[in-house]
Amino acid sequence: MNTPRMLLAALPLLVGMAQAQQPPESEWRQANRQVAEFPRGHADVLKWEQARQTAMPPVAGKPATLVLNSLAEGVQLAWQAHPELAKPLAQLGRDDVALLASGQWQDLSATRLRRIEDAAELIDVAHGTRKTLLAAMAVEQALPYQRQALQAAEAAAELGARMAQTGNWSKLQDAREQLLKVTALQQWQRSQYAADQSRAAVLKALQQWTRRTAQTVSLPQGLPALPAAILSEQAFQDRLERMAGTLPASEQTMMRANAELAYSAYRTAYALAGSSQQDTLRLRQFIYDETVLRYNGMLLNTWDLLAESRALAEARVAAIGAVRDFWLAEADLQLLLLGQVPESFVTLAAGGGDSPAAAGH
């Protein structure tokens with residue numbers, strides 16, 4: 001993809017301003033030269049566009065002192081914080097412990113687990129820790145794209161302000177760009193706080209937050225990819241019947257109702273995450289690429305390009321949220337199929353918005 005050229009002299013006015021009089025060609029050229037001289041205008045937009053696909057550096061902060069390389073490692077560390085779980089861990093055996101830590105709960109026997117004392121607490125800690133880690137990983141993964149959205153809004157606002165200073169933009173046009181910048185900045189500030197909150201939730205789940213040597217945490221990079229296929233309706237019903245058979249009759253009705261709700265959330269979250277990745281992102285990328293081509297052909301203006309860049313970044317954030325929601329729903333379903341009920345089910349919010357940092361217990 002060629003780097004877009006900042007040729008304001010040949011760009012049309014913004015969409016929605018068709019009734020405004022277009023400045024003479026000479027004024028556009030003069031504005032272009034002045035924007036180019038603005039330290040964070042012309043040059044910075046080009047530099048930002050070239051770096052759009054690269055990963056942003058991590059937010060400055062305290063050095064990481066607790067490094068987690070996988071979800072399983074986090075679950076095992078959480079177990080270690082509960083000395084009373086040493087006995088059920090020993091009874092469960094190495095292979096089943098590995099399955100439980102890695103989230104492969106479908107391969108565990110609910111009947112055998114019910115015979116192990118304190119196995120319920122063992123599973124509960126694994127479930128809560130897994131959900132807390134998934135939520136935190138999603139926040140971290142989305143930060144670079146949220147930063148890109150802010151940069152696009154900042155670039156548009158600064159270019160707009162410069163155009164207004166030269167008399168080629170109205171105060172109304174400038175105010176719209178400034179408002180978009182303020183909104184993007186507020187979202188970035190919320191995202192930074194959500195990242196801090198989620199790291200604190202992880203440290204709390206691992207009972208590390210009181211130790212001076214572990215004031216922050218380095219999380220696994222990126223959420224797991226969506227599976228190629230999910231648990232079928234028939235397979236779900238078969239597992240549900242086997243699990244229900246291990247429960248007293250008085251508990252079976254409520255457990256079945258909760259399991260059906262969990263499966264609905266699981267199936268819906270998978271469909272939403274798949275659509276977000278395969279449809280929304282694909283279309284957003286196409287729109288962005290076409291916008292770049294038209295921008296290079298001087299058929300669209302700078303603010304069109306920046307708006308589509310911001311929209312693409314926001315779509316990536318939403319896609320990450322959708323994948324997170326699937327794995328949270330998957331953890332709830334697996335818990336139910338082992339005979340336990342989560343405190344709450346995932347909320348499939350529109351746009352894949354931030355979930356609470358403490359997504360577990």
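Some points to look at:
- Accessible solvent surface per residue of region 141-215, calculated while the other protein chains remain in place, 1.4 angstrom probe, Å²: 52 Å²
- Three-way shape label, region 204-344, alpha-carbon gyration tensor, a/c 1.5: oblate
- Subtracting the Cα-Cα distance of E121 and Q221 from their residue separation scaled by 0.36 nm leaves 33.2 nm.
- Each other residue within a Cβ distance under 15 Å of T246 adds +1 if Lys or Arg and -1 if Asp or Glu, for a net charge of +3.
- Intensity falloff of region 66-135 expressed as log10 I(q)/I(0), Debye formula with alpha-carbon point scatterers, at q = 0.23 Å⁻¹: -1.02
- A protection proxy built from the mean count of other Cβ atoms within 10 Å ranks the segments 135-142, 284-291, most packed first, as 135-142, 284-291.
- Carbon + sulfur, % of accessible area of region 146-189 - ligands and nucleic acids excluded, 1.4 Å: 54 percent
- Cα centroid separation, region 121-195 to region 278-355: 14 Å.
- Take the Cα of L283, go 7 Å toward its beta carbon, and none of the backbone nitrogen atoms of region 126-147 fall under 19 Å from that spot.
- Sequence-distant aspartates and glutamates (8 or more away, or on other chains) whose Cα lies within less than 20 Å of K87: E73, D95, D96, E117, D118, E121, D124
- Accessible surface of L283 - all protein chains present, 1.4 Å probe, nearest 10 Å²: 90 Å²
- FRET efficiency for the pair E290 and S344, taken as 1/(1 + (r/R0)^6) with r the Cβ-Cβ distance and R0 = 41 Å, rounds to 0.45.
- Protein-only accessible surface at a 1.4 angstrom probe places the residues T268, T216, T253 in the order T253, T268, T216, largest first.
The values are calculated or read from the model by the stated rules, or taken from the named source; none is laboratory data. What you are looking at is a predicted structure, and each value in this text was computed from that prediction instead of being measured. Counting neighbours? That spans all protein chains shown, and the Cβs are built from the backbone with ideal geometry, glycine included. Ligands, DNA and RNA are stripped out before the accessible areas are found, and what is left, the full protein with its side chains, is counted by its heavy atoms. Shrake-Rupley method; radii C 1.70, N 1.55, O 1.52, S 1.80 Å.
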